[in-house]
1. What is the helix-to-structure angle for B:23-36, meaning the angle in degrees between its Cα long axis and the longest Cα principal axis of chain B, kept from 0 to 90 and rounded to the nearest 10?
2. What aspartates and glutamates sit close enough to A:Lys251 to cross-link, taking a C-alpha to C-alpha distance under 16 Å and skipping anything fewer than 8 places away on the same chain?
3. For chain A, with only Lys/Arg (+1) and Asp/Glu (-1) charged at the beta-carbon, what is the dipole magnitude about the Cα centre, in debye rounded to 20?
4. So how far apart, in nm, are the two label points at B:His427 and B:Glu119 if each is 7 Å from Cα heading toward Cβ?
5. If you take the square roots of the eigenvalues of the alpha-carbon gyration tensor of the stretch B:394-450 and sort them as a ≥ b ≥ c, do you get rounded (a/c under 1.5), prolate (a/b over b/c) or oblate?
6. Could you tell me what percent of the DSSP beta bridges with both partners in the stretch A:4-277 are antiparallel, to the nearest 5?
7. As an exercise, find the ratio Rg/Rh for chain A from alpha-carbon atoms, using the Kirkwood inverse-distance average for Rh.
8. Quick one: putting +1 on the C-beta of Lys and Arg, -1 on the C-beta of Asp and Glu, what dipole do you get for the protein assembly as shown around its Cα centre, in Debye to the nearest 20?
There are 2 protein chains.
Amino acid sequence: MFVELYDTTLRDGTQREGISLSVDDKLRITRLLDDLGVHYIEGGWPGSNPKDAEYFRRVRELPLRTAKVCAFSYTGRAGLAPEDDPNLQALLDAETEVVTIVGKTWTLHVHEVLRVSLEENLRMIGETVRYLVAHGRRVIYDAEHFFDGYRADPAYALATLQAAAENGAETVVLCDTNGGTMPWDIEAMTRAVVEAVPVRIGIHTHNDADVGVANALAAVRAGATHVQGTINGYGERVGNCNLISTIANLKLKMGIDCVTDDQLRRLTDVSRTVAEICNLAHDTHQPYVGQSAFAHKAGLHADATVKCRESYQHIEPELVGNRTRVLVSELAGKGNILYKAGELGLPETLDKEHARRIVRRIKELEAQGFSFESAEASVALLVRRSMPDYRPPFELVDFFTVVENREGRGLLAEASVKVRVGDEVVHTAAEGNGPVNALDAALRKALRPFYPQVDSFELSDYKVRILDGNNGTAATTRVLIDTRCGSRLWTTVGCSGNIIEASWQALADSVEYGLWVMEPVVQEA
Amino acid sequence: MFVELYDTTLRDGTQREGISLSVDDKLRITRLLDDLGVHYIEGGWPGSNPKDAEYFRRVRELPLRTAKVCAFSYTGRAGLAPEDDPNLQALLDAETEVVTIVGKTWTLHVHEVLRVSLEENLRMIGETVRYLVAHGRRVIYDAEHFFDGYRADPAYALATLQAAAENGAETVVLCDTNGGTMPWDIEAMTRAVVEAVPVRIGIHTHNDADVGVANALAAVRAGATHVQGTINGYGERVGNCNLISTIANLKLKMGIDCVTDDQLRRLTDVSRTVAEICNLAHDTHQPYVGQSAFAHKAGLHADATVKCRESYQHIEPELVGNRTRVLVSELAGKGNILYKAGELGLPETLDKEHARRIVRRIKELEAQGFSFESAEASVALLVRRSMPDYRPPFELVDFFTVVENREGRGLLAEASVKVRVGDEVVHTAAEGNGPVNALDAALRKALRPFYPQVDSFELSDYKVRILDGNNGTAATTRVLIDTRCGSRLWTTVGCSGNIIEASWQALADSVEYGLWVMEPVVQEA
């Protein structure tokens, strides 16, 4: 048995309060989802905003292996021909092989929200699907509020699915839009649809009743072979069906082949990296992939875990790329570091004792609050700095920042930086929008005479995470900086109780990494 | 149909990494659980530590209405008579009417962990239960690893339950200790037990496969009438079955009478207050009771929500003591603002022209990068400041912050603040971990003589978002601050190209809102 995975992190996921993704963020997530083996990636709603339109333009350049990117839209509007509907035109302009269309199932909604007749709604669904198929698209049809609609009027709910299927939709997806349906009802109603509608049946659930994943699995048991969800269950209200848990359950509990074993081992990494990109703390208690998911306190359980691993673990954590944690101090991963070093183009000749020292240093820094999961440039620098032939391109001596707001004189931010480059010490000052921007400007001013290429490094994102919320403004701060130079993007990390110092660390790493990996640009005379 | 609720927050819940409860904390939680209508409260393992023994002494003085407090222990040890077993003596010393005993079901564990014969294990279970019943206790028997044990050897697994039931256990509880079983397997195996064992059957699940709640409900469908769980699903690894979601589902989805309607309305408050006692941030995305559980972004959904509430909500949030939040944002209309004003306790007499002016102001600020979606306190202040009788509790004159890192002297952060309170101007200075923490300390120092209650406002989270990634460190910065005072939580927002200024705005709003809504604390003389 085979089940298709459809990810909507980039659309439904971004409905979560507090998530806002740049186009670069969305492209990075797209690549991660493709590596994970997801079959469809809903990229956005091209009619709704220019950022989504830009995503669809740029995503075409990505060399994806498994995933098809889909564009999303509502069915056409009442009384408007598809060719005159700007939403549908934007959908076609996205130039995706597959498109997803959502339409109304529930008579209540047709009457109260759309305010059209039941017949007109069926016509809109059929006409929209037919139009898109005629324009060469494969169509996935999402039946909004399917289960509420089916409870209210089963014949009409089925008729909407049939309107989509008869006009060429290759998959119809049953959506529990409000997230309030119980697994046994999902199973019974899905079974009825599987018997009545002769195309692929999909399931789209939400977690409002805390059974979002169970609902998706119940539908699969009833014959659904297409599952929609989001990474970490991000989504509106309490969130969507968590695709991470769903993939693990499909593979490991139901024996359904949806991704390969290698891809399954990426689950933990994908879950954590997507959280990082969304600037959300990863849930340490998340099933399968959380840091605590296989943590055992010392004592009976941990003992028994050593005695026989299946005693207190429902699966081998390595299957999903996670690991057992027995002690507070974490197990060394020198193999990982060697692998990483190779991946980063560093000498694979790194000996084992050397790798062990680096692992120790990484553990120390992670205990302080650093996170190297997505800051690979900082990891690369850590390795590079440990090499005997390493010479720093510059070293910090001092910095100083001031922000003041004086009555009648407004706001001012200024910084000075003293750095050593070779034998010279340079002392510069600059203003900025804020203290970090001023620090950045002063650092570039200091380095420009030696390394004119610093001007081609563009700081493309700057993320700040407060690690220990309970300490308020005294909490430890982690700063991640994304830097771009041409098509190359790298991420660096800093961490401190002081946001300025954390920013400085990430900034200095960002510039040093750029000086290392990018060819100097030719200066204009 | 009636289902008993058994809470183990005070024992299993405290196995969660990071939870540590004092005896007073445990007594407060006991009272909350009793108010909520829980039938059994597992108070702890009196044999394991003196703190639990103290809890059982003190809990007898609480005037509980519904709940029976239970003491917990393992079955007696192999080769030791119950009267010589210190664990069982401690259990009796707890002097609870009901006791809970856990024993082995899985042959693997009997052999590898207990290292006794299968017969000896049956004898230990039977003898322990008989001894406790003989001492006047009602006994609940927890069958550890029941589902794994049943899969391995169904006859033996049933024999362990029968040993407990025949010797007087009034309830036997099927435990999915590793949390890896799927709902349909839980249902089938529970059904087999219900047919074979003639006492009350209970269910105890964990969330390792993200189906902990669904598993408990599946067992209830198969005939279990006793459900164990913890508040907010706290527990070892990823946690136990979440009793909060389970109660809501039993009452509202299955029509099972486990608590009264009044008690159900306490659900949100109990969930948040227990989180607070455990010193954990409440999960804003928790089903039913999270702050975002019924949040709707403006636009289509919010419109539809106003049109017909069941459109995008699976239940009336008031049933569980939560509420609908229409998130105010760019798309907001004056209808939203009027609704919001009423919700915030502001005069509903706000005339339409006034509301329109506020909407205009919100849109201007959102265009600058503010986001009022979750910063309801800042919206409330915006409305309040537009009222003719508004007098600010304090006004900023100046601020100044400095961060420096000097060779050999390390890092320093300092701030000064000048504020006007009525006719007085106060000028204070303070140090901090970083510039924002220093600013916060200086502001509190300035306000304390006028408003001593500022010390009860705790900044519980501080979030920073960079809005326009493409401008790097010069980008616009949005700061959200969560402030807590007792069980009340509010969020404020600031936005500027300068992170210090953005933080100042959110900080000043946070304090002003607190001064407005919280009663002044009584100062000690």
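1. The helix B:23-36 is inclined about 90 degrees to chain B.
2. Partners found: A:Glu4, A:Asp261, A:Asp262, A:Glu316, A:Glu318, B:Asp208, B:Asp210.
3. For chain A, the charge dipole is close to 1140 debye.
4. Using points 7 Å along Cα→Cβ, the separation is 9.1 nm.
5. prolate
6. Roughly 5 percent of the DSSP beta bridges within the stretch A:4-277 come out antiparallel.
7. 1.03
8. Details: 112 positive and 148 negative charges, 93 e Å.
So the magnitude is around 440 debye.
Taken together, the values in this text are just the output of simple stated rules run on the coordinates, not laboratory data. Because the structure is a prediction, the values reported are computed rather than measured. FYI the Cβ positions are ideal-geometry reconstructions off the backbone, even for glycines, and counts take in every protein chain you see.
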